[in-house]
Amino acid sequence: MTETLANPVGGIRPPLTLIKTPTAPETAPETAVVETPVEAVDRVDNPLADWLTVPDAPVLPVWARSAASIKANTAAFVRLTWWQARYHGIRTPKYLVKTLLLAARGFFRATVGLWPTLSAQDHTATVKALRAQSKAKPEDIELATRLQMAHAARTRTRRWRFGAAAVGVAAATIGIALADPLLQTGMAGAIVTPLAYLGRGKETHLLDQGAPPLRVDMSAQQLNDALRAAGLLKSGRASEDEKDAPRVSCSMGPVRDGRGWAVIFDLPRGGGKTASDVLAKREVIAQELGVDEIQVIMSRVRAAKGGNAGRVSMWVADDDPYLGTPNPSPLASLEQFSVWEPIPFGQDARGNRIEVPVMWQSMFFGGLPRRGKTFTQRLMTAAGLLDAYVRHYVADGKGGADWMPMRAVAHRLVMGAEDDAVEALKAMLAELLVEMERRFAILRELPTSICPEGKLTPEIVKAKNLPVIFVTIDELQEYFTAMEKDDREQVINDLCRIARRGPAAGFVSNFASQRPDADSVPTKLREIITLRYSTQVVDRASSDMVLGKGKAAQGADASVLSEEHKGVGVLVTGPASYVTVRADYLDGPGFATLCQKGRVLRQAADQLTGDAAGDVTAAADASGVKLAPILSDALEVMRHSPRMFTTDLIAALVNLDEDVYGDFNAERLASELEAAGVKRTSKQVKISGTNAAGYQRRDIEAAVPAEILLAHG
C-alpha cells in the first residue's frame, strides 16, 4: 500500500498583488504588458518580507496529525499502562517485604542517630573531662563537687529521655492497636514510609525497573547501518575520522507508532540512489533490522504528500501484523448496500480499513489454492447481492460448492468446466456482448443532461432498467484448459471486450485464477484489469504475473506471504498504489444467507431474472421447503444438460461433494434417486449419437414436490 503521510500545515499567505511587467522598453508605450502574479511578501520593496514569510512546516507533532495516529498511540499507551500494572501487581508481596526490610534498616539508623541524645552523651563528655581533671588534682574539693553534679545531671536526663521515648512508642502501639483497621493501615503507612525512606541506599529502588521487552528496536543509527549494508549508502562509519559519511535525514522518527516503529527519511543527495532502490532492497533491510520482511512496510512519499524521489516512509511492526483472528465482514450484518459506494474489503497492517471502489473497474484475483482467494473474491459479489439493481452472471470452473448459493440470485450460473458448461459459458458471454452493445446504443441516444459522460448513472439504472452487471468467473484456467484452440481464442477475445469496454456500460468484471501463466490466463486479458489481488504465490515472477510486471520490485510482492497468511494478499489499485490486506472474513453459510437476502430484495424490486427466476432448487430454499439432497444436487449438476450419462452424473456429483458421493456407483445412485421419488421414463439416453445408461433432467424435476412448483409458478 502507498503509505499515507499527513499533509504539512501550510503557512498563511498574504493576498496576491498584480504588477505590470513591460515586454519592451518604456519608450514604446503602445507595447502590451503582461500581468504577472507576485505574492506581496516576495516583492523587493517589502521591508517585512523576511518576517512575513512563514515556512510550510507542520505545527503539530507527528503522532497528532491524524485521528488514526492519535488512536494508535493512545492504544499503545493503554497497553503499556496495563502491562506495567500487571508487572508491578504481581510483585506487590515482594515490594511489601522489601518495604519492611527498608523500614527495619531505617529504624536502626534512626536509633543509632538518636542514641547520643537518648543516652545524654553531651553530659557524659563533661563527666569524663571532670574525672580526668580530678585525677590530676585529687585535693580539689570543688572539682569533685562539680563531678558529682554533672553525673547526677547525666543520669537524670538519660532517664527522662528514655522514658519519653518509651512512652511515645507505647502510646503509638496502643493507638494503632485500638484504631479502626483502615486507620491502622494509614498510621502504619505513616510510620513505615519515613522509616523505609530513611533505610534506602544510593542504589536501592523499591520498585523493580520493569520495561516491556520490545521485539523490535530501532534508531537512526540502526537505520543507517541497515541501508549501508544494503548498498544504499556509501561504506564507512560516521566516526571521528569520517564525520562526512553519508547518512539519511529523518523528517520523522524513528518513533513508536502503534505496534511498531515509524520513520520517514530522505536519502542523501550525491549517492545516486532513489526511493525505488530502497523498496527493491526490502528483504536485505529487514534482515539487517532483525525482522521478517513481512514486518517491513515501505513506500515512496509522493509530491502530493510532501515527498520527493528520495523520500521513503517505513513502518516496522513488532511482530507479524497479519496473523490472528480474521475480521468478520461488515456486509454480513447489512440489509442493503449500494455498489456505487466503495466495498468494505479488509484491513492493512496498521489496522486501517481498506475499501475498494468497483464501479468502472475490473478485478483479478490470483494465488495458490486454499489461501482464501475465492473467499476474498466473493466479498465483491456479496456487496452486489445487497443491491437489488445488480444483475449477476457467474461461472465457476471448479464446479464445487463455493458458488452454489448464487443459484438463488444469479441471472446466469455456469457450474463446472465440462463440455455442456463450456457451451453455457460461451452462450453467457455472447449474451453479455449483445447486452453491452444494446446499452451503448441506449446511452448514445440519451441527452447530455441525463447522461453527461456517456456512462451509466444510478438514475439511468432505475429509469431505463439497466442494472449494474457483475461478471464473476472463478477458476478461469479450468475453462481455457478444457477448450479447443479456436474456442479458447474466441472466449479470450470476448472477455477482453467485456473488461475493456464494459465498465462504461455498467459491467464489473471479477475474474479469478490460480497461477496465471500465459497458458492459463493470457497476458492480453490480465494487462487490461485495473484492480488486482494476489494471495501467496511461489515466487516473485508468479507475483508479477498476478499483480503486474515489475510490481514485486516496487514492494508489491505476494511471494513473501506464508502458509499462515490465509485471507491475506497484496492489493494493487493503480500503477503506484498497493497495500497488503487482511481481507474480511465471510464464510459459506454467511454467503448463502446474503444470497437469500439478495433474492428477497430482487423479488421486491421486480429484478429477479434469468436462471434464478426459473430455479426450482432456489425456489425451494426461499420457501423453506427442504428438497432431498440427492434431488437438489442432481439438478445442480444437470443445470446445463437436459440429459446426462450415469457415469458423467456420478463424476459431477463427486466433484460437487466428494465426501457424500465419493463411493457412489450406478446401483446406489439409482436407489437414492428412486427413494427421492424419481421415476425414470427411460434408462437409456442418447447424447451426440451415443446411447448409454443415463437420466433425463425432466424426470428428476418431476420428483420436486408440487407445492414448490405452485409457489414457484
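All other residues with a Cβ under 14 Å from the Cβ of T325 taken together, and with Lys, Arg as +1 and Asp, Glu as -1, what is their net charge?
Values: positive: K566, R582; negative: D320, E564, D584, D587.
Surrounding charge for T325 is -2.
For R532, nonlocal amide neighbours, meaning residues 5 or more places apart or on other chains whose placed amide H falls under 5 Å from its own, are F364, V572. The residues neighbouring A309, those whose beta-carbon lies less than 11 Å from its own, together hold a net charge of +3 under the Lys/Arg +1, Asp/Glu -1 convention. The residues of the range 286-405 expose, per residue, 35 Å² of accessible area to a 1.4 Å probe. Compared with the direct C-alpha span, the chain from Q287 to Q336 gains 12.9 nm at full extension, assuming 0.36 nm per residue. Counting only protein heavy atoms and using a 1.4 Å probe, the accessible area of C250 comes to about 50 Å².
Which length gain, in nm to one decimal place, applies between W83 and D657 when the Cα-Cα distance is subtracted from 0.36 nm times their residue separation? Mind showing how you got there, number by number?
Details: separation 574, 0.36 × 574 = 206.64 nm, distance 4.92 nm.
Using 0.36 nm per residue and subtracting the Cα-Cα distance, I get 201.7 nm.
For G260, the residues whose amide H sits under 5 Å from its own are D318, ignoring neighbours fewer than 5 places away on the same chain, with H placed 1.01 Å from N. Averaged per residue, the range 443-507 has 48 square angstrom of accessible surface, using a 1.4 angstrom probe with ligands and nucleic acids left out.
A cut-off under 13 angstrom between Cβ atoms defines the neighbours of M363, and their net charge, with Lys, Arg +1 and Asp, Glu -1, is +3. Modelled label positions at D419 and A702, each set 7 Å beyond Cα in the direction of Cβ, lie 2.6 nm from each other.
3J(HN,Hα) couplings calculated from phi for the range 594-599 with the Karplus curve 6.51 cos²θ - 1.76 cosθ + 1.60 (θ = phi - 60°) are, in sequence order, 5, 4, 5, 4, x, 5 Hz; Gly and Pro show x.
Computed FRET efficiency, Cβ-Cβ of D587 and A229, R0 45 Å: what is it to the nearest 0.05?
Numbers: r = 45 Å, r/R0 = 0.99.
For R0 = 45 Å, the calculated efficiency reads 0.50.
Overall form of the range 274-321: oblate. Here a/c, set by the Cα gyration tensor axes a ≥ b ≥ c, is 1.5 or more, and a/b is not larger than b/c.
Accessible surface of the range 501-545, 1.4 Å probe: 53 percent of it comes from carbon and sulfur atoms. When the listed pairs K462/K597; K597/K683; K426/K626; K373/K455; K71/K234 are checked against a 28 Å cut-off, the alpha-carbon distance exceeds it for K597/K683; K426/K626; K373/K455; K71/K234.
What ranking do 458-466, 696-704 get when scored by the average of other Cβ atoms within 10 Å per residue, highest first? Don't skip to the end; give the middle numbers.
Values: 458-466: 14.1, 696-704: 17.1.
Highest-to-lowest ranking by the protection proxy: 696-704, 458-466.
PRE reach from A67 (point 7 Å along Cα→Cβ): which of the range 307-331 fall under 18 Å by backbone N? None, by backbone N distance to the label point.
The loop-placed trypsin sites (Lys or Arg not before Pro) in the range 602-653, going by DSSP, that have at most 16 neighbouring Cβ atoms within 10 Å of their Cβ come out as K626.
Ligands, DNA and RNA left out, the accessible area of the range 272-314 computed with a 1.4 Å probe is 43% carbon and sulfur. The L182 and L96 beta-carbon pair, evaluated with R₀ = 22 Å, returns a calculated FRET efficiency of approximately 0.80.
Multiply the residue separation of E437 and Y197 by 0.36 nm, subtract the distance between their alpha-carbon atoms, and state the gained length in nm to one decimal.
Numbers: separation 240, 0.36 × 240 = 86.40 nm, distance 8.90 nm.
Difference between extended and current length: 77.5 nm.
Kindly sort H392, H205, H640 by accessible area of their heavy atoms, largest first, with the probe set to 1.4 Å. The partial results should precede the final answer.
On the way: H392 0, H205 100, H640 45 Å².
Putting H392, H205, H640 in descending order of accessible area: H205, H640, H392.
Residues I354, I450 ordered from highest to lowest accessible area at a 1.4 Å probe: I450, I354.
Rounded to the nearest Hz, the phi-derived 3J(HN,Hα) couplings of the range 649-660 under the Karplus curve 6.51 cos²θ - 1.76 cosθ + 1.60 (θ = phi - 60°) are 5, 5, 4, 5, 5, 5, 5, 6, 8, 5, 5, 8, where x marks glycine and proline. Each residue of the range 629-643 is assigned a 3J(HN,Hα), and the resulting list reads x, 5, 5, 4, 6, 5, 5, 5, 6, 9, 3, 9, 10, x, 8 Hz, derived from the Karplus form 6.51 cos²θ - 1.76 cosθ + 1.60 (θ = phi - 60°), x at Gly and Pro.
For the range 537-586, what class follows from the C-alpha gyration tensor (a ≥ b ≥ c being the square roots of its eigenvalues): rounded when a/c is under 1.5, otherwise prolate if a/b is larger than b/c, else oblate? Oblate, since a/c reaches 1.5 and b/c is not below a/b.
Got a sec? What order do T81, T381, T481, T580 fall in by accessible area at 1.4 Å, biggest, i.e. largest, first? Let's see the in-between values first.
On the way: T81 70, T381 0, T481 100, T580 20 Å².
Descending order: T481, T81, T580, T381.
Distance between the modelled labels on E459 and N327, one decimal in nanometres: 3.5 nm (7 Å Cα→Cβ projection). Near the amide H of G548, within less than 5 Å, lie no amide hydrogens of residues on another chain or at least 5 residues away, with H placed in the peptide plane. Taking the accessible area of the range 660-705, probe 1.4 Å, and keeping the other protein chains in place, the carbon and sulfur fraction comes to 45%.
The values are calculated or read from the model by the stated rules, or taken from the named source; none is laboratory data. Here the structure is a predicted model, which means the values were calculated and not measured. Every residue, glycine as well, gets a Cβ built from its backbone with ideal geometry; the counts of neighbours run over all protein chains shown. Ligands, DNA and RNA are excluded from the accessible area calculation, which covers all protein heavy atoms including side chains. Shrake-Rupley method; radii C 1.70, N 1.55, O 1.52, S 1.80 Å.
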